[in-house]
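The values are calculated or read from the model by the stated rules, or taken from the named source; none is laboratory data. What you see is a predicted model, and the numbers here were worked out from it, not measured in a lab. Using ideal geometry, Cβ is built from the backbone for each residue, glycine included, and neighbour counts are taken over all protein chains shown.
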Amino acid sequence: METSPVITMRDLKRHYSMGEETVKALDGVDLEFLKNDYAAIMGPSGSGKSTLMNIIGCLDTPTSGTYILNGQNVAEMDDDELARVRNREIGFVFQTFNLLPRINCLRNVELPLIYAGVSPREREERATEALNRVGLGDRITHKPTELSGGQIQRVAIARALINNPSIILADEPTGNLDTATSQDIMGIFSDLSKAGNTIILITHEEDIALYTRRIIRLRDGRIESDKKQ
């Protein structure tokens, strides 16, 4: 198994100015994620986990420190380069799904490929394959309004997979789902991890974090613990 880091963070800091006060959302974070890592990031409100997620996802940039993603220094990228990285290297899965309700599953999953300039025929083939991977090959023409919450989240996962990203970044992916459906979704993430995807979850649910192989806990912008299980 390949062991070179997909992500390397060194002394990462993200400080915000709030009037005369400086808020240290991240205050010296050192982390590595390898290919096939399956990790949960946890912490109380204000611990820095949302800020860390935004930096991992190239939605925000650090105040100082180093973030290397697949050998590229993210801090040195301009806005266009960051947008390309977000589209190609990172697949996002959100608690609120973020699907377009008026188009069917296939078209929702295709969206990142449209932005990447992929031909219609290839888009359809790849979107169909991604939906089959999450067990929704028989729901391709259904709209999100015709699906259950668990099925909608599966569509969101398929969309996250469509560009074969280095990382799947999931923010509270089971937050709106019942227990049985949450277990199904976590089973999909487990299968994807075994197939080679690097998966990072942001969650406040201990039972969800236990599905992963590594739990990282933040407190006051620092790593409180980082344990494999």
Would you mind stating whether D191 is in a helix (DSSP H, G or I) and surrounded by fewer than 19 Cβ atoms within 10 Å (Cβ to Cβ)?
yes
The residue that is nearest to E81 (Cα to Cα), considering only those in the stretch 101-123 that are in contact with a helix residue (DSSP H, G or I) (Cβ under 7 Å, 6 or more places away or on another chain) and not aliphatic (A, V, I, L, M), is Y115
Residues that are surrounded by fewer than 18 Cβ atoms within 10 Å (Cβ to Cβ), part of a helix (DSSP H, G or I) and without any contact (Cβ under 8 Å) to a residue 12 or more places away in the chain: does the stretch 84-106 have at least one?
yes
Within the bounds of the stretch 203-216, is there any residue that is touching a Ser or Thr at 6+ places or on another chain (Cβ under 9 Å), part of a strand (DSSP E or B) and at pLDDT 90 or above? yes
Scanning the stretch 163-174 residue by residue, those touching a residue at least 40 places away in the same chain (Cβ under 8 Å), in a loop (DSSP other than H, G, I, E, B) and surrounded by fewer than 24 Cβ atoms within 10 Å (Cβ to Cβ) turn out to be N163, P165, S166, E172
Of the listed residues (G48, G43), the one being in contact with a Gly (Cβ under 8 Å, 6 or more places away or on another chain), at pLDDT 90 or above and farther than 21 Å from R159 by Cβ is G48
Expected output for the stretch 202-213 (first residue closer than 20 Å to S45 by Cα, partner of a type in the set (V, I, T) and buried (at least 22 other Cβ atoms within 10 Å of the Cβ), Cβ below 6 Å, 6+ apart or cross-chain) is I202/I41; I208/T174; A209/T203
Condition (residue is in a helix (DSSP H, G or I), within 16 Å of the chain's Cα centre (by Cα) and within 30 Å of T145 (Cα to Cα)) applied to the stretch 39-52: is it met by at least one residue? yes
Here the qualifying pairs (Cβ atoms under 8 Å; residues six or more apart or on different chains; first in the stretch 2-23 and of a type in the set (S, T, Y); second crowded, with 17+ Cβ neighbours inside 10 Å and part of a strand (DSSP E or B)) come out as T8/L31; T8/Y67; Y16/A25
So, first residue under 19 Å from A160 (Cβ atoms) and part of a strand (DSSP E or B) in the stretch 57-83, second residue at pLDDT below 90 and among the hydroxyl-bearing types (S, T, Y), Cβ within less than 8 Å, six or more apart or across chains; the pairs are L69/S166
Of L31, L26, the only residue that is modelled with pLDDT of 90 or more, touching a helix residue (DSSP H, G or I) at 6+ places or on another chain (Cβ under 6 Å) and closer than 18 Å to D171 by Cβ is L26
Quick count over the stretch 129-162, residues being part of a helix (DSSP H, G or I) and either in contact with a strand residue (DSSP E or B) (Cβ under 9 Å, 6 or more places away or on another chain) or of a type in the set (K, R) (or both), is 8
